[in-house]
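Colleague: Take a look at this one; I'll ask things after.
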Amino acid sequence: MKIRFIYIGLSLFFLGICFLILHSFRSNVFIRGFMGDMTIVMLIYTCLQSVKDFSPAKLSASILLFSFGIETLQYFKILRFLGVQENDTTKIIFGSIFDPLDLVAYLSGTILILWMDVSMIRKFVDPNQNSELN
């Protein structure tokens, strides 16, 4: 397993942004909701890329499907079904309210990190490499 330091740095950056959003923008629905969801998918992407060189397109698609899956579970009120709707930890991890705009946020974050990876990050890591989605 090759550790890729640029992705570790970006993961720490996105983690910091997540904490900033959680602590400083609690009452701002757009930043807390939309920007937070965008940042989460970028954090997941960079964390996974830090340990293995995944195909950017395949990893992005997988993260998007995972995110949409979580949102679908929210739609069907899975936490209530499991009897853990009052548990703060599960509400943070899975969310508690279905919002179609979350799907737009996940898609936006996925497109943004995919574009950043293919057009900038990979060129920075290896300037001679042709950027490909694979």
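Colleague: Please count how many residues of the stretch 1-42 are of a type in the set (Phe, Trp, Tyr) and either surrounded by 15 or more Cβ atoms within 10 Å (Cβ to Cβ) or touching a Lys or Arg at 6+ places or on another chain (Cβ under 9 Å) (or both).
Modeller: Of the residues in the stretch 1-42, the ones of a type in the set (Phe, Trp, Tyr) are 5, 7, 13-14, 19, 25, 30, 34.
With either surrounded by 15 or more Cβ atoms within 10 Å (Cβ to Cβ) or touching a Lys or Arg at 6+ places or on another chain (Cβ under 9 Å) (or both) added as a condition, the list becomes 7, 14, 25, 34.
Count: 4.
Colleague: Another question, then. Step by step: first the residues of the stretch 78-101, then only those that are farther than 18 Å from residue 35 by Cβ and in contact (Cβ under 8 Å) with a residue 12 or more places away in the chain, then the one that is surrounded by the most Cβ atoms within 10 Å (Cβ to Cβ). Which residue is that? Outline the logic, then answer.
Modeller: Just the residues of the stretch 78-101 that are farther than 18 Å from residue 35 by Cβ, to begin with: 78-91, 93-94, 96, 98.
Right, trim to in contact (Cβ under 8 Å) with a residue 12 or more places away in the chain and you get 78-79, 91, 94, 96, 98.
On the way: 78: 15, 79: 19, 91: 14, 94: 17, 96: 14, 98: 14.
Checking each candidate, the answer is 79.
Colleague: To continue, here is another question. Determine whether the stretch 56-65 contains at least one residue that is in contact with a Phe, Trp or Tyr (Cβ under 9 Å, 6 or more places away or on another chain), of a type in the set (A, V, I, L, M), farther than 30 Å from residue 117 by Cβ and free of Cβ contacts under 8 Å to residues at least 40 places away in the same chain.
Modeller: No, the stretch 56-65 contains no residue that is in contact with a Phe, Trp or Tyr (Cβ under 9 Å, 6 or more places away or on another chain), of a type in the set (A, V, I, L, M), farther than 30 Å from residue 117 by Cβ and free of Cβ contacts under 8 Å to residues at least 40 places away in the same chain.
Colleague: Among the residues of the stretch 1-51, write down those that are free of Cβ contacts under 8 Å to residues at least 12 places away in the same chain, of a type in the set (Lys, Arg) and over 20 Å from residue 108 (Cβ atoms).
Modeller: Matches in the stretch 1-51: 26 only.
Colleague: Might you let me know whether the stretch 65-86 holds any residue that is in contact with a helix residue (DSSP H, G or I) (Cβ under 7 Å, 6 or more places away or on another chain) and under 22 Å from residue 13 (Cβ atoms)?
Modeller: Scanning the stretch 65-86, I find at least one residue that is in contact with a helix residue (DSSP H, G or I) (Cβ under 7 Å, 6 or more places away or on another chain) and under 22 Å from residue 13 (Cβ atoms), so the answer is yes.
Values quoted throughout were computed directly from the atomic coordinates according to the rules given, and no laboratory measurement underlies them. Just so it is clear, the structure is predicted and the values come from calculations on it, not from any experiment. Don't worry about glycine lacking a Cβ; one is built from the backbone with ideal geometry, like all the others, and counts go over all protein chains shown.
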